[in-house]
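**Q** Input: one structure, supplied below.
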Amino acid sequence: MTTTDTAPVERDRAVAVSEATPDPRMRPVAEFVEVVKDYPTNWLRWGMLRAVDHVSLTIAPGEVFGLLGPNRAGKTTLVKILLSLTQPTSGTVKRFDQPTTNRETLKRIGYVHENQAFPRYLTATELLRYYGALSQLSTAKIEVIVPILLEKVGLADRAREPISRFSKGMVQRLGLAQALLNDPDLLVLDEPAEGLDLDGRRMVADLIAQRREAGKTVLLVTHLLAEAERVCDRVAVILGGKIVRQGTVAELTNQGTTSLEETLSPIYAAGRTAVSAAAFNG
Ligand SMILES: Nc1ncnc2c1ncn2[C@@H]1O[C@H](COP(=O)(O)OP(=O)(O)OP(=O)(O)O)[C@@H](O)[C@H]1O
């Protein structure tokens, strides 16, 4: 399969999965059909950069879905579209089978991104209480869940310290706890391993496994292929805004006989060559 002939197939698959699944519990958690996103390259809008180029994909309930790709591939833009943080230029996107204009569905999502920033004067506990209140959890629920989450992310012994004393990895752990406050049906992790040591990465992998066991869905955005191979059920590879591969990890690793890195390295290299050629040709 070439890198260009997957888009129509995936578009048709996305539409077919969506339409052929009458049981509402089995309907896609997230669905992109022919999504395009163009950014203006300067404030006068003289030029446009196509960050997402006719992307179609579906994320099924209960799966750990990896969105893979090198820097500037368009991964975060897709996440931002899913979370209504930016609007697509064209195409359709659904969350929990609803159009993204339905903001209620956002309550069912937890989100961690690579550069978490929180008010530094709050303690870890105060921050989680604050976000718990924003999520409209009851005070009683917040008091129970906050220590449990701090324990889960390895911050129980730092619960009463201000965030200003936290390392980047600790802030990242706190971000994970924040994203779990509402026990989300969909957990979106955008480069969650960023700033984490080996222990922290193991904690993220365990957490993803626990979400899967609980029947919850995870969207993992990462450029770390070994991490994706360990924890994902299915992955899509995005390059230059286009989905160039999509399938189960078993399919993409030839039933485990090759690594994702071995499968994807030539595709990434071809993508880099195409980008350099485009830049050279102006
Ligand atoms: N707000 C914006 N305005 C203009 N261009 C943008 C904007 N956000 C992203 N881009 C551009 O869109 C392209 C895709 O960016 P995006 O952040 O989606 O990629 P990514 O795969 O998440 O990259 P990374 O792994 O480096 O975070 C890049 O060329 C980026 O410079």
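**Q** Among the residues of segment 209-227, how many are hydrophobic (A, V, I, L, M, F, W, C), within 16 Å of the ligand (Cβ to nearest atom) and within 17 Å of A30 (Cβ to Cβ)? So that I can check it myself, show each step before the final result.
**A** Initial filter on segment 209-227 (hydrophobic (A, V, I, L, M, F, W, C)): 209, 214, 218-221, 224-226.
Keeping just the survivors that are within 16 Å of the ligand (Cβ to nearest atom) gives 219-221, 224-225.
Those still in the list that are within 17 Å of A30 (Cβ to Cβ) too: 219-221.
Within segment 209-227, residues that are hydrophobic (A, V, I, L, M, F, W, C), within 16 Å of the ligand (Cβ to nearest atom) and within 17 Å of A30 (Cβ to Cβ) number 3.
**Q** Something else now. Among the residues of segment 102-116, what is the count of those that are free of Cβ contacts under 8 Å to residues at least 12 places away in the same chain and either within 16 Å of the ligand (Cβ to nearest atom) or open to solvent by 50 Å² or more (accessible area, probe 1.4 Å) (or both)?
**A** First, the residues of segment 102-116 that are free of Cβ contacts under 8 Å to residues at least 12 places away in the same chain: 102, 104-105.
Imposing the further condition that a residue be either within 16 Å of the ligand (Cβ to nearest atom) or open to solvent by 50 Å² or more (accessible area, probe 1.4 Å) (or both) reduces the set to 104.
So the count comes out to 1.
**Q** Shifting gears a bit: Taking segment 228-250 on its own, how many of its residues are within 16 Å of the ligand (Cβ to nearest atom), in contact with a helix residue (DSSP H, G or I) (Cβ under 7 Å, 6 or more places away or on another chain) and open to solvent by less than 20 Å² (accessible area, probe 1.4 Å)?
**A** Total satisfying the criteria: 6.
**Q** Considering each residue of segment 57-98, count those that are more than 9 Å from the ligand (Cβ to nearest atom) and either outside any loop (DSSP other than H, G, I, E, B) or in contact (Cβ under 8 Å) with a residue 60 or more places away in the chain (or both), and give that number.
**A** The initial filter retains those residues of segment 57-98 that are more than 9 Å from the ligand (Cβ to nearest atom), namely 57-66, 68, 81-85, 87-98.
In the following step, the residues that additionally are either outside any loop (DSSP other than H, G, I, E, B) or in contact (Cβ under 8 Å) with a residue 60 or more places away in the chain (or both) were identified as 57-66, 68, 81-83, 90-98.
Selection size over segment 57-98: 23.
**Q** OK, next. Report yes if R129 is part of a helix (DSSP H, G or I) and farther than 28 Å from A226 by Cα, otherwise no. Before the answer, list the steps.
**A** On the way: part of a helix (DSSP H, G or I): yes; farther than 28 Å from A226 by Cα: yes.
The answer is yes for R129.
**Q** Related question: Any residue at all in segment 119-136 that is within 16 Å of the ligand (Cβ to nearest atom), open to solvent by less than 30 Å² (accessible area, probe 1.4 Å) and under 28 Å from Q172 (Cα atoms)?
**A** Step one: filter segment 119-136 for residues within 16 Å of the ligand (Cβ to nearest atom), giving none.
The answer is no; no qualifying residue exists.
**Q** Looking only at residues in segment 33-56 that are open to solvent by less than 10 Å² (accessible area, probe 1.4 Å) and more than 9 Å from the ligand (Cβ to nearest atom), which one is nearest to R212 (Cα to Cα)?
**A** S56
The values are calculated or read from the model by the stated rules, or taken from the named source; none is laboratory data. All values reported here derive from a predicted model rather than from experimental measurement. Neighbour counts are summed over all protein chains in view; Cβ atoms, including those assigned to glycine, are modelled from backbone coordinates with ideal geometry. The accessibility values were calculated without ligands, DNA or RNA, using every heavy atom of the protein model including side chains. Shrake-Rupley method; radii C 1.70, N 1.55, O 1.52, S 1.80 Å.
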